[in-house]
Amino acid sequence: MRSIVMIGLMGCGKTSVGRRTAQQLGLPFVDADEAIEEAAGKTIKEIFDDHGEAYFRDGERRVIARLLRSAPQVLATGGGAYMNAETRAAIAEAGVAVWLKAELPVLMRRVLKRSNRPLLQSANPEEIMRGFMAARYPIYAQAPITVDSRDIPHDAMAVRVIEALHSHFTQQTASDPSP
């Protein structure tokens, strides 16, 4: 079995759906942002404030690469992680990316509930989120699996992810000509 890597914008449900997917599959769950904070001894906001986004993204890339060398797991990544070509390659080699795709109203409802989003600290967070969608959705679309993130219970979303994984691997096996 390969690792399952949840990707998508902040607020799409990577952590909550990832955690439930891991429970249902009997796999460990790891949140890359928590692993980054643990490794740095700082919160992500503090890393951004002290060192900037480029520094954070480099650390994020290294932490995700390390996590992917572990046993199969469900790994929730930060929203910008999949934008890094090295990270995309590492995910493709060690796991399978699942894009939790959400529409803007869903994302905004979710992200405005929390104030710990350093990239949304602005007078117009919706404009920032639209920019993220325009820049990131074409890259996220490279993921082999896309699941629409809806306002349904997290356990039901996890079932949708597992069904999409099953469908993906069934199709992959059917098209593999090797014995």
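Values quoted throughout were computed directly from the atomic coordinates according to the rules given, and no laboratory measurement underlies them. Worth saying up front: this structure is predicted, and the values here are computed from it rather than measured. As a convention, Cβ positions derive from the backbone with ideal geometry for all residues, glycine included, and neighbour counts pool all protein chains shown.
Worth pointing out:
- Here the label points at GLU103 and THR173, each 7 Å from Cα along the C-beta direction, are separated by 3.5 nm in the simple model.
- FRET E, pair LYS42, THR146, Förster distance 30 Å, beta-carbon r, rounded to 0.05: 0.35
- Mean residue ellipticity at 222 nm, helices only, the chain: -18000 deg cm²/dmol; runs of at least 4 DSSP H residues each add -39,500 (n - 2.57), and the sum is divided by the number of residues.
- For the range 1-101, a/c is not less than 1.5, where a ≥ b ≥ c are the root eigenvalues of the C-alpha gyration tensor, and a/b tops b/c. That puts it in the prolate class.
- Whole-Å distance, taken between Cα centres, linking the range 75-116 and the range 1-52: 9 Å
- If you sort the three axes of the alpha carbon gyration tensor as a ≥ b ≥ c, you get a/c of 1.5 or more for the range 3-171 and a/b no higher than b/c, which makes it oblate.
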